[in-house]
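Beneath this line is the structure, given in structure tokens, with notes to follow.
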């Protein structure tokens, strides 16, 4: 026997509202984005936001997951699709230059930008864990290339992964500060000259 849904059906597109919340957090960061800004951007009432997404922190967690599957997916795709760590990181940095300067959305990386001046412990820790997981994925690919002989055994895999992450994060901030795609592509190309 089918159960009836209680209450009124949702009068908004959940995915569209989530994308609008993503853009708000991306533009302003986690802390400065108020519930009023979120409900205005999403085109929904506060009770609807709470009913559909929970509180601001829960909404942000969902935003970060959605961002990783959409706007930020270029990094994981490069790591999965390229045959070597060097090719994967090179592709990722070049695609970041395009993604971080795309006029269709705020500049830079939402995960990096939203963490600036974040004082909410749970959010700060979740973002740190996500960034550290990315570094671990870089290091894992580098270690695999060392094991296969693609990279010299003398390479410090952790340092090379951290260097690559620092370049990626720096490119995000440079994009926020107005650097153009060509400028960031030059940074990506120069960074790859540090690779063995």
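The values are calculated or read from the model by the stated rules, or taken from the named source; none is laboratory data. The structure displayed is predicted, hence computed values, not measured ones. Cβ: placed from backbone, ideal geometry, glycine included. Neighbour counts: every protein chain shown.
Test residue 39 against the criterion of being assigned to a helix (DSSP H, G or I), buried (at least 16 other Cβ atoms within 10 Å of the Cβ) and touching a residue at least 40 places away in the same chain (Cβ under 8 Å), and give yes or no.
Criteria not met by residue 39.
Part of a helix (DSSP H, G or I) and either loosely packed, with under 15 Cβ neighbours inside 10 Å or touching a strand residue (DSSP E or B) at 6+ places or on another chain (Cβ under 8 Å) (or both): which single residue out of 129, 124, 62 fits that description?
Every option except 129 fails the conditions.
Give 97, 137 a once-over and let me know the one that is touching a helix residue (DSSP H, G or I) at 6+ places or on another chain (Cβ under 8 Å) and over 20 Å from residue 26 (Cα atoms).
Answer to the check: 137.
Can you pull out the residues in the range 78-121 that are loosely packed, with under 15 Cβ neighbours inside 10 Å and in a helix (DSSP H, G or I)?
80, 81, 98, 121
Exactly one of (1) under 23 Å from residue 173 (Cα atoms); (2) surrounded by fewer than 20 Cβ atoms within 10 Å (Cβ to Cβ); (3) at pLDDT below 95 is unmet by residue 15. Its number?
Here residue 15 meets the rest and fails (1).
Please find, among 179, 161, 175, the residue that is touching a helix residue (DSSP H, G or I) at 6+ places or on another chain (Cβ under 9 Å), outside any helix (DSSP H, G or I) and farther than 11 Å from residue 94 by Cβ.
Every option except 179 fails the conditions.
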